[in-house]
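Asker: Pasting a structure here, questions to come.
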Amino acid sequence: MNFIAILFSLAVGIFILIGTVISIKYGHNSKFTDISICIAFGVIIGLVIFELLPETYEVLNGQLGSIRSILAIIILILIGITILKILDLFVPHHEHEVHHTHKHNVSTCHNIHLHHIGIISSVALIIHNVIEGMSLYLVTSSNINLGFLLFIGIGLHNLPMGLVIGTTLIASNYSNKKTLKLSLIVSLSTFIGGISMFILGGVSELLEGILLGLTLGMLIYISLFELLHQIYHMKDRKSVSIGIGIGVIILAISVIIGKVMH
């Protein structure tokens, strides 16, 4: 059973790679890039509201109580946002932060912003996927059928994550090889979570809640301060609606599978 649990945590990362491979083929198409970003926005917003926020509260509430857990979540979200904001110092600046005292090529600035989104999204997803890998391992170890359902659910919302990593980096003139390498690192993070559970035998609920809260902050930062800004400047509003709609549908299917699993 432990072998299957580890195998699931490894295989679920393939969904991210599939999304990245698809983006490598179509990522130079600006419309495809826009739709991919909108899909990711829909998935992340849904993930934060309907999955991570309730789960974080449930975990912390059992350890800290209602009021303290709410305060802890707020603090952890702010810390998560701050972590990614600090990360701005190590990745290229946004197009909207470039001072107009210099003449910049609009396309170049746009590409820089896409590169920024791809990098910080990867960092946040690594932390998020490590936690998911832990959960997937624990569930599969206790019930292989439930573990398989969770495996499918995680995979469904990993696919658009692979799309956004790939499309943003490809559109920012990242080489296919570098894009695949980064995507591979992100995809293996779920496996790292599974292996961690195998080695440690488990983690405290308090630590799990802290990691979930930090992930919440990071995903909120990505969705509101990165993806939403990009969506705001998209001219094809129909593509925006279609992309966000697809993202919400993907997340809804994932949630339904999760409910069936429980």
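Asker: Under a Cβ-Cβ cut-off of 11 Å, what is the net charge of the residues other than LEU216 that fall near it, where Lys and Arg count +1 and Asp and Glu count -1?
Answerer: Cβ neighbours under 11 Å give a net charge of -2.
Asker: Kindly write out, for the range 7-16 in residue order, the coupling ³J(HN,Hα) from the Karplus curve 6.51 cos²θ - 1.76 cosθ + 1.60 (θ = phi - 60°), rounded to whole Hz, with x marking Gly and Pro.
Answerer: 4, 4, 5, 7, 5, 5, x, 4, 4, 5
Asker: Right, something else. Using a simple spin-label model with points 7 Å from Cα along the Cα→Cβ vector, what separation in nm is obtained for SER66 and ILE14?
Answerer: 4.6 nm
Asker: By per-residue mean of other Cβ atoms within 10 Å, what is the highest-first order of 40-50, 66-76?
Answerer: Those peptides, ordered most packed to least, come out 40-50, 66-76.
Asker: What nm value, rounded to one decimal, do you get for the distance between GLU58 and TYR232 when each label is placed 7 Å out toward the C-beta?
Answerer: 3.4 nm
Asker: If you take the square roots of the eigenvalues of the alpha-carbon gyration tensor of the range 1-62 and sort them as a ≥ b ≥ c, do you get rounded (a/c under 1.5), prolate (a/b over b/c) or oblate?
Answerer: Oblate shape, in that a/c is at least 1.5 and b/c is the bigger or equal ratio.
Every read-out reported here was derived from the displayed coordinates using simple, explicitly stated rules and does not represent laboratory data. Quantities reported herein were computed from a predicted structural model and do not represent experimental measurements. Because the Cβ atoms are built from the backbone with ideal geometry, glycine has one as well, and the counts that use them run over all protein chains shown.
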